[in-house]
Structure formats: structure tokens, C-alpha cells
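Down below is the structure, laid out as C-alpha cells.
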Amino acid sequence: MATGTETAGPPRAEVAVEIVGLNKWYGEFHVLRDINLKVTRAERIVICGPSGGGKSTLLRCINRLEDWQSGRVIVDGIELTDNPKQIVAVRRDVGMVFQQFNLFPHLTVLENCTLAPIWVRRMPKRDAEALAMRYLERVKIPEQAQKYPATLSGGQQQRVAIARALCMNPNIMLFDEPTSALDPEMVKEVLDTMVELASDGITMLVVSHEMGFARQVADRVIFMADGQIVEINEPKGFFGAPQHERTKLFLQQILR
Amino acid sequence: MARSGIWNWLRANLLSSPANIALTLLCLIFLAWIIPPLVRFLLTDAVWSGSDRQACLASPDNPQPGACWAFVRVWSSYFIFGFYPLGQRWRVVLFFAALAFGVVWLLWLSAPRRDLGALYFFLALPVLSLILLSGLPAIGLINVPTTLWGGILVTIVVSTIGMVLSLPLGILLALGRRSRFPVVKTLSVAFIEFVRGVPLITVLFMASVMLPLFVPERFSPDKLVRALVGVAIFASANMAEVVRAGLSAIPRGQYEAANALGLSYWRTMALVVLPQALRVTLPNIVNTFVALFKDTTLVFVVGIFDFLRTIEAARGDPNWASPITSVTGYVFAALFYFVCCYGMSRYAQNVEMRLARRSGPRER
């Protein structure tokens, strides 16, 4: 994943994401309460918890799809402020995969993948296409390159979305419930892709209820509820000996 | 076999219930009532040749003459060119050819190098047309003032410029209306709502009467240019609302995905949002174009001789005074507008079907 050190400053800071005292309200509703989190480079984090607990919102703060009222978010040594330059710098460096895929339906699979490299990285079209084909091969659907997203299955669409994000050579990947919108038989193909990616040394933050995936690849698992980080631990401790009542209850419900 | 096939089709589609049988019969009666007189008037009893009104008056040979096509034939060059000087009319013909070439290049979806086509249409053609039509003495083309332009030439110029300007301006206004910046938003909303709340005829009067008040007399724009400005303003306000409807059909996830990839606002709009929004709203865009094409007939109120106005003028010709001259003129005008508008809507349907085939059902 080496992108070279084209930017000045601390090249590839050891801390990939640092969140300090983050608070966010939707009107009266306090979605994120005093979040503090430090993610080191190449770390793989799985965030779980009941819906409405603020998991996705937290993830979306990392590439500033959401803004906040107080606190700081520093990504790859760049502090996110209202400054659009910094926001774009962070977004170039952070890939994101959405629950609903959000592929561009008017573009082919290949065009979906080359759009940002061509227009944001200013890569020549030929190079962008070669790069895109490499990642489409990695997610095992090079043969769909010329098709339109609507003609693919959900699992294939989500793998295209992963390839599209990877084409920007991100240092950090955010996954927002990547398998929640999929039919059960397609969950595995997407998870397999993510597991393969995890062995790559890319920093990953994954909001997911796939506990098997968390056990297998996570360095740390975070349990969030009511806008707070309730518990944060290595998978072994997290699943073996949860500390908080809320975590125990949640794990009981989800693991049955 | 074939006969029973037709019979089955008739039974299934036209005679499936008593109500349907009644409707089918009513339609047949209506067609029998309307078609024979139409055919008689437009074709069989029509007068095709002649040099003055005598040909189109009732005579023992033709006691009830139909359409007086002879009149249209004699006046046809006036309908096309207006008062454009006789010796210079090849320039108009050349302009029509250049325009047709550009339109085909742009609209034929599988034409080669459509990017060059766009360049030709939006950059080369306007300059070329301006030189060709209004003249450039330096290269031997004498000046032809716009007061001499008329007929189909004016209708085509006004409607083409109206359409070509209204789409980009309408897009900008629609984006402005959704802007985060209060000033941009307020100005866009004010412009759109004001222009949309006023009839085209008023906009035209304002453009032609008020514009000269704001600019020094020396620079006072040409009458035709003033009308063009009026038409473009009116059309872009309408287009803005059409585009806005398309924009609101694009799910938020599309913006988020584009943002997450680091695309700027303008790139997100140009590469992700607008291509989808315009596609969704293509039928409405064409609808607006068709309406605009027909609305150009209103430029006569500011003294411009568009196609319909030339027919108005010609039908008063005492040489051709007959009970059917006016009717024939209007029927000819109706045919012209119908062919143009129907062509536009057929083309749009074609493109829609093509796009639907290409990308399948929309995501979710």
C-alpha cells in the first residue's frame, strides 16, 4: 500500500486516526458523547453495537461526511477542520465502502473504478484502467468490468465498491456495515475479500455485526451504545470476558 | 392461420368487453367522419399549381377547392428567408446545412468523435453562423441587418439559441437554488420565481423596451438580440425547475460516494450527479424544448418576422385573396410545427429507450 511520501510533514504518521473529545448533536439528540480513540497504523478495528448507537456517525466523521460540534479528528497527521483543502486531502487518503454500495449507476464497473484516479489523482486514463483491472482481479470480478452496476448481484456490487475505494490507494479504509444489505449467501464473498485485504497491512475501521469476521481479523473490537464507547478490547477478551453489562447483553443477543 | 391471428388480436385488444366494443365503434365512426374530408381538403381537391387567386377560387372544374398549395409554393421562399436579400440567400442555405450537420453529429449517438462534434456545435457553429448570416464585409460578405431576416430562418435561430443557452443556464440556476451560500441561493430563487411568474410575452416586452433604457443608445442591442435575450431568460428559468426535479431524484448516497472519493463539488456535479439527473429528466427537458420551439412564435410582438408572422403577412396578399388562402397558410404552419416537435419527441423517446437498455433498471 506504499503510496510514497509525496506529502510533507510526518510521513505516514504512526497514529492513523486520532479522535479527541468528539461530541456531536443532531438537534437535541446527542449522537456522539465525548469520543476518544486512537487507531495506530495497520490496525484493524471492528465497531459493533445496537443500532442508533452512533457507530456509523463516528465512522463518517473520519472522512468528514458528517461534521461535529466539538472535539478534534486527526487523520494521517491532518487535522480535519472546515478547510476544504484538508478535507479533500483526508478523503484522498481514506477509502469508504457503504452499506448500500453507492456505485454510480450510469458508469460501467471499470468507469466507476477509474473516475477518482483520473479526476482526483490526475492519472492518465490508460494507467487508471490498468490499476482498476488489477483491483477488480483482486476482488475476483475482472470479467464484469464492462457491465453496468445494475446488472450485478449485491455481493458483486459491494466488491466493485471495495475495488473502487482501493483504486485511490488509500492508507485507511472505512467500512460502514458492508454486508448488512446483502442476501445471506453473498455475505461470505464480501467478507472473504475484506479478510484478504486485512492481511495487507491497510488500516481498517469496520462497522459490522459479523462477529466471526471480528474474531478472525480484528486487532481491537469496540462496543458502542448511546453515543459512547462502552468497551474496547482485543477480540479474545472482548468475546471471552466482556466487562460491561451492556456488552454482555448485546453479545448474548447477537450470538444467541 | 394469419387471418385467425388477426382475429384473435382484434378480439383481445379491441373487442374484449361490451364497453370496449362500444369504444371501438365510436372511434371508427369518428375516423370515418374526420378522415375523408381531410384527405379531400389536403390532397385530392387541393390546388397544386397556379399563379394567382384564380386558381384557388371555386370553378366549374373544382366547385369546392381544397387547400391552396399553389399559394404556399409561390410564397415559400418568403416563408423560409423573410426579406433576406435575394442574391444572398445561399448564405442562409449554407447556414441550414451547417446547422443540420452539427445537429446530426451531436444527436446521432454512435457518430464518430462526438467530442469534436460538440466543439463544432458549441464553438465553431455560432461564430460561423454569425459571420455567414449577418455578414463580414472584410471577406466579401455584405452586411444583412437582422431586420431583413425572417421566416423559418428566424424561427430556427431563435429556438436553437434559446435551447442551447437554456440548458447550461438552467443547470447553473438549479444548482444555485440548492447552493449552501445564501446569496447565490436567494438570487437564483428570485430570478427563477420572478421569470417563471411572468408570461413570455411580458419578458419579451421587457427585454425589448427596458433593455435599451439600461445601456447607452450607441450600444443598444439589435432588436433580434433583445428578443433572443428575452427567450433565453425565460427558457432558462423554466429549465432550472426541470433540472431541479431531476437533481432531487438523485439519492444522497451518490453525493456521499463521490465526496468520499475526494471529488470536488463541481466534479461531483459534472461527473456523477448531472449525468444521472439529466437522464431522469430527459422527457421533461424535451418537453420544455418543444414548448420553447412553439413559444418562439411570440417574438412577433416585438416586431420580428418569424415563420408564423410571414404566413400572417402573406395571407393578406390581395393577389391570393380567396376563402381558403388563410386556412391553407395556417395548415401549412401547423404541419411545419408538428413535424419539428414530433421529431424532437420521437428522438427523445429513442434515446430514453437506448439508455434504459444500456444500464438496466436503476439501482434500487
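The values are calculated or read from the model by the stated rules, or taken from the named source; none is laboratory data. Because the structure is predicted, anything quoted here is derived from the model rather than measured. FYI the Cβ positions are ideal-geometry reconstructions off the backbone, even for glycines, and counts take in every protein chain you see. Protein only, heavy atoms only, side chains kept; ligands, DNA and RNA dropped before computing areas. Shrake-Rupley method; radii C 1.70, N 1.55, O 1.52, S 1.80 Å.
Some observations on this one:
- Residues with amide H under 5 Å from that of A:Val17, placed H, sequence gap 5 or more: A:Val39, A:Asp76
- Measuring r between the beta carbons of B:Asp115 and B:Val93 and using R0 = 22 Å, the FRET efficiency lands at 0.20.
- Calculated over segment B:178-319: convex hull of Cα atoms, volume per residue (Å³): 148
- Interface between chains B and A: roughly 2300 Å² of accessible area buried, both sides summed (probe 1.4 Å, protein heavy atoms only).
- Shape of segment B:267-364, Cα gyration tensor, a/c cut at 1.5: prolate
- Rounded if a/c under 1.5, otherwise prolate or oblate - chain B, Cα gyration tensor axes: oblate
- Estimated FRET transfer efficiency (B:Leu130, B:Cys340; beta-carbon r; R0 22 Å; 0.05): 0.45
- Peptide-level mean, for A:105-118, of C-beta atoms on other protein chains within 10 Å: 4
- Averaged over its residues, segment A:176-256 has an accessible area of 49 Å² per residue, based on protein heavy atoms and a 1.4 Å probe.
- The accessible area of A:Met211, taken with all protein chains in place and a 1.4 Å probe, comes to roughly 10 Å².
- Inter-label distance for B:Trp266 and B:Leu213, nm, one decimal - labels placed 7 Å from Cα along Cα-to-Cβ: 3.6
- Rounded accessible area of B:Tyr342 (nearest 10 Å², 1.4 Å probe): 110
- A straight chain from B:Val184 to B:Leu31 at 0.36 nm per residue would run longer than the Cα-Cα distance by 49.6 nm.
- Cα-based shape type of the protein assembly as shown, given that a ≥ b ≥ c are square roots of the gyration tensor eigenvalues and the cut on a/c is 1.5: prolate
- Per residue accessible area in Å² of segment B:281-347, where ligands, DNA and RNA are left out and the probe is 1.4 Å: 44
- Neighbourhood net charge (14 Å Cβ-Cβ; Lys/Arg +1, Asp/Glu -1) for B:Ala260: +3
- Probe 1.4 Å, accessible area per residue of segment B:77-149, Å²: 57
- Using the Cβ of A:Glu196 as centre and a radius below 13 Å, the other residues enclosed give a net charge of +1, where K and R count +1 and D and E count -1.
- Length released on extending from A:Glu234 to A:Glu28, taking residue separation times 0.36 nm less the Cα-Cα span: 70.8 nm
- Accessible area of the protein assembly as shown belonging to carbon and sulfur atoms, whole % at 1.4 Å probe: 63
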